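Before any comments, here is the structure.
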Amino acid sequence: MSNIKIAPSILSADFSKMGEEVQSLEKCGADVVHCDVMDGVFVNNITFGIKMVEDLRKITTLPLDCHLMIVHPEKYVERFAKAGADIITVHWEACQDNLKEVLALIKSTGVKCGAVINPDTPVEKIAEVIPTCDMVLVMSVFPGFGGQKFIPEALDKLREVKRLVEQSGRDIDIEIDGGVTAENVALVKAAGANIVVAGSAVFKAADRAAAISALKK
Ligand code: DX5
Ligand code: ZN
């Protein structure tokens, strides 16, 4: 077993019984609950928002990792924090020149902050803010849907992020999101990821505990 953390994405859960789904993840050895918040504008899909986080907070002790795929995330940061998010990540593509300020706003609420980059955004766009982050999230699919194929160029980006994290001398998590399976998890780990998001690899498995432990090995 390794010290890699598995963060199942509830995007692939049955939304009609979300509480049970999250409790099942907890029993099956998940380390983090990855909450994909989509607004239908930043991405071509709509999921859930603040109320979901607030209600999940009451039924799980696992950290809630809120990946905001929304425009103007700064408008909602305080409410996600108040709802019980443990970490809030925001996209460079949504914040651009304001990314530094939005990350500082997240920190000011007492919640951990993270910067996210899409597959077509170079690491250099976030190089300056990396030292201010608690986590960096590298997307290995274009955000919007679960079950897409892993984009292998993300591995180079992980290595680059790892180098910048080491250079910062800070304890910053590196998360990878999209298309990760038991078959490619060793590659993402070797490239520097220590938190792995997995949606379909966990929720489509007949045995979720076995799927999570396969991802950890
Ligand atoms: C994509 C989401 C991911 C996705 C991961 O927009 O951010 O978290 O649900 O799902 P899989 O693991 O199925 O690619
Ligand atoms: Zn995500």
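Sort the following peptides by mean Cβ neighbour count (other Cβ atoms within 10 Å, averaged over residues), highest first: 181-193, 32-44.
Ranking, from highest mean packing down: 32-44, 181-193.
Hey, if you put +1 on the Cβ of every Lys and Arg and -1 on every Asp and Glu Cβ in segment 1-58, which of I4, G49, S24 ends up farthest toward the positive end of that dipole?
I4
Please report the antiparallel percentage of the DSSP beta bridges confined to the chain, to the nearest 5.
Here the share of antiparallel DSSP bridges comes out near 5 percent.
Scaled to the compact-protein estimate 2.2 N^0.38 Å, what is the alpha-carbon radius of gyration of segment 5-216, rounded to two decimal places?
0.93
Taking the alpha-carbon set of segment 14-80, what are its Rg and Dmax in Å?
In Å, with Rg to one decimal and Dmax whole: 12.3, 35.
Nothing charged except the Cβ atoms of Lys and Arg (+1) and of Asp and Glu (-1): what's the magnitude of the dipole of the chain about its Cα centre? Round to the nearest 20 debye.
Here the size comes out at about 420 debye.
Give me a comma-separated list of calculated 3J(HN,Hα) values for segment 78-85, in order, Karplus coefficients 6.51, -1.76, 1.60 applied at θ = phi - 60°, integers in Hz, x for any Gly or Pro.
Result, ordered by residue: 5, 6, 5, 5, 5, 5, x, 4 Hz.
Checking the cross-link filter: which lysines have an alpha carbon closer than 24 Å to that of K217, excluding same-chain neighbours under 8 positions apart?
Partners found: K5, K27, K149, K157, K162, K189, K204.
Mind listing the long-range amide H neighbours of C35? Cut-off is under 5 Å, sequence gap 5 or more, other chains count too, H placed in the peptide plane at 1.01 Å from N.
Under 5 Å from the amide H of C35 lie the amide H atoms of D65, C66, H67, each far enough along the sequence or on another chain.
Rounded to whole Å, give me the distance from the Cα center of segment 47-61 to that of segment 86-131.
Centre-to-centre (Cα) distance: 22 Å.
Which aspartates and glutamates does K216 reach when only Cα atoms under 17 Å apart count, and residues fewer than 8 places away in its own chain are ignored?
The reachable aspartates and glutamates, counting only those whose Cα sits under 17 Å from K216, are E26, D31, D173, E175, D177, E183, D207.
Between I174 and residues 5 or more places away or on another chain, which pairs have amide H atoms under 5 Å apart, with H built 1.01 Å from N, and which residues are they?
When sequence neighbours closer than 5 places are left aside, the close amide H contacts are V136, N194, I195.
Any chance you could run the full-extension gain for D207 through N44? It's 0.36 nm times the residue separation minus the Cα-Cα distance, nm to one decimal.
55.6 nm
Which is farthest toward the positive dipole end of segment 59-217 among A214, C133, L99, measuring Cα position about the Cα centre, with Cβ charges +1 (Lys, Arg) and -1 (Asp, Glu)?
Selected residue: A214.
Values in this text are rule-based calculations from the coordinates and carry no lab data. Just so we're clear, the structure is a prediction, and the values are computed from it rather than from any experiment. Glycine also receives a Cβ, built like all others from the backbone with ideal geometry; neighbour counts cover every protein chain displayed.
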